[in-house]
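Asker: So that we are looking at the same thing, I have put the structure below in structure tokens.
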Amino acid sequence: AILAKEPSRLCRGAILELEADEQVRSSAFTLAAPAPSRSTTVSQSGTDVAADPRAVALRSLSTTCRSPMPLRDHSAASASALTAAAVLTLCATSGRRQAGRRRERRTVARWAKAKSKAKDDATDGGAVVKPTFNFAYWAEHAEEVQRNADNRKFQCDVAEIVKIYHEHRSARFEVQQLAKKRNEHSKLMKGKMEPEERQKLIDEGKAIKEELTSLEGSADELEAKMNSLALQVPNMSHPSTPIGEEENATIVRVNGEPRTSENAGFKLKDHLEIGAALDLFDFESGGKVSGQKFLYYKNGAALLELALVQWATHEAVKRGFTPYIPPDLVREPVVAGCGFMPRDGEATQIYAVEGSDLRLAGTAEIPMAGKFMNETLIATKDLPQKLAAFSHAFRTEAGSSGSENRGIYRLHQFSKVELFALTRADIEESNKMLEEIRQLEEDLFSSLGLCFRVLDMPTEELGAPAYRKYDMEAWMPGMQKWGEISSCSNCTDFQARRLNIRHKETYTTKGNLEFAHTLNGTACAVPRMIISILETFQNEDGSVTIPEVLRPYMMGIDVLKPAS
């Protein structure tokens, strides 16, 4: 319809757009007369070369459209011009698309270069990270934040933090105003003036500089104090999280029936008795070499550990998790950024390497979160991240006591397959990821044939980072109790704010950086799994039946039997 009504206007518009392309314009106006069969150009050497079809169309259109002949008739020239207009319009559109792609490629290249430089700087200068606390939210919801901390038994003073926050904002405003005054004063120094007048301005400038330095120092002190107090504030809690101690946990579901001596038909033993009969644990050598709560796994226990780790990792990879083996030693700022700090009066569970800022990781969650420290991710390309990491875990187990200290239930060192995930800063998306991690853990324990239950843990059982946490407890027949074998948590943006893990939607998105959500879960904590398997699948003759899913990893062993 447009071509029929105003073909000349459309054609001239196409000409102007294509003439803007220097390459097309120069080709078009050095073009030789086109032959009927194909378009050619003649080079200076006289050799025919294929012409740019846009140049051919432009030359034809320029000649026809600028001639006095009207374009509304049905002449061959008119038809040629209209065809050329259509070709040129398509070419121009294609050119714009290609230019857009080139701009995006350049943006991606610059982004990759900047990201690489940031990583190099981090490697050279160590783990340096500045946390970004949500002071504005705390100021607006001070009572709610304090009540949440009290429910979780964390000692902090939100009102004091908010007070310092407002003082800091006022101090920063004064700094900005004085800096503006200094800049305006500097402009007065330009140009010719009497020596006395210049000296007066110099003295005034020195006074402004001294006052500015003093104000900046005060503002920095307030910021340091504010950040120090903010470290004690835990994450907010999910609305459905029960309030109180461990016994207030909500039982979400129970899988299977607890095995007892009555329904088994014989007296069930605990894992220490079973292990002694099957020659699985060497506590004596562990104590001699490393101290209490260390041991050597041997025979079937050693094979079981390797089988569990491989099986759990393979199952996670099948669900889209990328396998990793991270470092066991991490820098202290990474541990702090993950929020691993004891409640008031509790002892630390982290081993420190004397004379350095290195710490032994208590879980692979720490190095996996640290992997993304000080990075800005592209949501459409990098998120969500689903990682499965095998590592050793080291814990002081300070303050632990009771029957749980017996055997291999609590150790200073053990192997673990940890699940870690990153999502956009969207609570619905991270809650969905939490349910995905929880479902994987449930499927793992179900396929082993364990009796277990899922608990929605109450506020006093949540660590500082967790917004919501599920625990999985297996029934351990020999111990005649439920024992924790796994957990999974949604930490929302708590860790990301402390480790500076941000994201934006695309490479070309301007501003609007948000802190990612982090999640974690345990696919397999080896000692607790070995306890559960030995006690659940023990037989009257002292043997233990290997769960079917582990047999492909056990060198053909179906049953662990006592030595004859």
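Asker: Calculate one ³J(HN,Hα) per residue across the range 466-478 by plugging θ = phi - 60° into the Karplus curve 6.51 cos²θ - 1.76 cosθ + 1.60, and present them in order as whole Hz with x for glycine and proline.
Answerer: 3J(HN,Hα) across the range 466-478, in whole Hz: 6, 8, 8, 9, 10, 10, 10, 10, 9, 7, 10, x, x.
Asker: Please provide three numbers in whole Å: the alpha-carbon extents of the range 160-221 along the principal axes, with the largest listed first.
Answerer: So the three principal-axis extents are 52, 15, 10 Å.
Asker: Now a separate question. Where the Cα atoms of the range 253-312 are projected onto their three principal axes, how long is each span, largest first, in whole Å?
Answerer: 41, 29, 22
Asker: For the range 279-406, rounded, prolate or oblate, judged on the Cα gyration tensor with a ≥ b ≥ c (square roots of eigenvalues), a/c < 1.5 rounded, else prolate if a/b > b/c?
Answerer: The shape class here is oblate.
Asker: So what's the range 369-455 giving for Rg/Rh, alpha carbon basis, Kirkwood Rh from the mean inverse pair distance?
Answerer: Using only Cα positions, Rg/Rh for the range 369-455 is 1.05.
Asker: A follow-up question, please. Quick check: at a probe of 1.4 Å, how many percent of the accessible area of the range 256-354 sits on carbon and sulfur atoms?
Answerer: 53
Asker: Tell me, what ³J(HN,Hα) does each residue in the range 416-430 have, in order and in whole Hz, if you take phi through Karplus 6.51 cos²θ - 1.76 cosθ + 1.60 with θ = phi - 60° and put x for Gly and Pro?
Answerer: Those phi angles translate into 7, 10, 10, 9, 9, 9, 10, 10, 4, 7, 9, 4, 5, 5, 6 Hz.
Asker: Shape verdict for the range 124-274, please, from the Cα gyration tensor: rounded (a/c under 1.5), prolate (a/b greater than b/c) or oblate.
Answerer: It is prolate, given that a/c is not under 1.5 and a/b is the larger ratio.
Asker: Also: So what are the ³J(HN,Hα) numbers for the range 440-445, from phi and the Karplus equation (6.51, -1.76, 1.60; θ = phi - 60°), rounded to whole Hz, Gly and Pro as x?
Answerer: Rounded to whole hertz, the list is 4, 4, 4, 5, 4, 6.
Asker: Can I ask one more? Calculate the tail of P(r) for the range 402-534: the fraction of all Cα-Cα distances greater than 19 Å, expressed in %.
Answerer: 56
Asker: Here is a further query. Shape call for the range 521-562 from the C-alpha gyration tensor, a ≥ b ≥ c root eigenvalues: rounded (a/c under 1.5), prolate (a/b greater than b/c) or oblate?
Answerer: Since a/c reaches 1.5 but b/c is at least a/b, the shape of the range 521-562 is classed as oblate.
Asker: Collect residues whose amide H, placed 1.01 Å from N in the peptide plane, falls under 5 Å from the amide H of Glu375; neighbours closer than 5 in sequence don't count.
Answerer: Counting only residues 5 or more places away or on other chains, the set is Arg502.
The values are calculated or read from the model by the stated rules, or taken from the named source; none is laboratory data. Computed from a predicted model, the values in this text were never measured in an experiment. Accessible surface areas use protein heavy atoms only, side chains included; no ligands, DNA or RNA. Shrake-Rupley method; radii C 1.70, N 1.55, O 1.52, S 1.80 Å.
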